[in-house]
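Report on the structure given below.
Just so you know, all these numbers are worked out from the coordinates, no wet-lab data involved. The structure presented is a predicted model; accordingly, all values stated were derived computationally and were not measured. Cβ placement follows ideal geometry from the backbone for every residue including glycine, while neighbour counts extend to all protein chains displayed.
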Amino acid sequence: GPSFVIINIPNYAETPLVGKEEGGQQRYFRELEREATDQLQFQAFTMPTLTQSQPTPSFFQPDPKGLPVNGRDEGFQEQSEQERSKSLNHPEALLSVKYSSQIETIEAYSAVIKNKKMTSKLIKNLADLDLMPSFGHLKKVRAIDGVMECLLSSRNSFQSIDDLVLHFKNQKIDISMLVDPIDWKVVRVPRKQPVTRRQFEESKLFWPSAFHEDPVVESLLNKHFFSFCELEILAKLQELANLAGSTGLSWWKKEKALNINQITHVIDFLKNRKRSVLSAKGAVIYNHENGEILSFSCDQRHLHPIKHCAMVVIDSVAAIQGGGAWINQRANEIDALLVEEVPKEIGEVLVVEVPHKRRKKDDSSFDTTAPYLCTGYDVFMTHEPCVMCAMGLLHSRVKRLFFENTSENGALVTKVMLHTLNGINHRFGVFFGKIQSD
């Protein structure tokens, strides 16, 4: 069906208004919409909506060699999905450090409430003082063995309990509802709101905190995000990137695209090619919306120092859309010995680079329906991209990146997690690891 993202939406009757003025509800749900937009960078493979008048694309047809396509196999059994997924290695999602960090704590003052019936009144009086403005995520009261304990203030605001008691008296706060100040104590509380289930369980050991579970984040952390069929497709695309690098071959969509259903044939063809003595780095650009492989390439730094495989495939997509900075240089990129006919079953789909002139904007082969560069596309690489390539992928608006090996100057996990930095104008999902059958 159409693309969708699951988010937690509270019961409407229990949803607090954002302000008392008219339009508060609308702003609240706009906030939910923005949260859903942030989750789209990790959206799973989905099938475009088809009308009855549209033929089913070949992308959704069974592969002749048994490679499952997007969606479930015929005869798929629900109870076997988890067991089948275990036969493939799920890539690791490289998320912001806030999802993997340990709970930070800070000291605060607390006291036991003598009369439980006075809890609401006490909480209201403390809320008016606003002694903990940055701790809105914490519950104001916790119950321990039937005893109600109230959070009073951050310890940073008052040097001692005596100072806090004096402040309460000056503000005419009735502290008779609490036990004697001599029994007030210092406790450690979570500094920030937990964003994962693990952090939430850890924070409860200190003080109760608000928590809204994100099912997308949890499935990424627990490596349950991709289905078995999706993992098989990812594994094939990753293998294609490896073969592009090891054979030293490049290809990009000219007249016809390479469909995901043909990938097994292409992989078999490349496995029989002579191995390149150059760098074994490769990259693939894939449109999971329609199952088209738009380009794959080896690393070409032997021709120019900035022609890393990621930059080459990005430039190839630009060429498909009528641009491309290196399109006139491609006549000499592949040795003439490699220009030969390919098997008939691949036919017009796979060709190595041949002389090609820049197309004009009014050329009928110019793809006017394509998005801006790589918007919404997935990229598969053998190695972690450097800063230059990572920024190239960012500015070309890729949706997700999968890479198998780290690099000495890698920009996504080795040196820096560039895709998680504040201030960048586009975010994309990043997955690391080899996807293969056990």
Rel. contact order, % - alpha carbon contacts under 8 angstrom, at least six apart, segment 375-426: 40
Segment 160-282: relative contact order as a whole-number percent, Cα under 8 Å and 6+ apart: 19
If the convex hull is drawn through the Cα atoms of segment 159-314, its volume per residue in Å³: 245
Relative contact order of segment 94-151, defined on C-alpha pairs under 8 angstrom at six or more residues apart (%): 44
Over 29 Å (Cα to Cα) - which of Lys253/Lys281; Lys204/Lys399; Lys204/Lys415; Lys98/Lys139 fall in this group: Lys204/Lys399; Lys204/Lys415
Loop-located GluC sites (Glu not before Pro) in segment 95-189, at most 12 other Cβ atoms within 10 Å (DSSP): Glu104
Karplus (6.51, -1.76, 1.60) ³J(HN,Hα), θ = phi - 60°, over segment 106-120, in Hz, Gly and Pro reported as x: 9, 7, 8, 9, 9, 8, 7, 8, 6, 10, 4, 5, 9, 4, 4
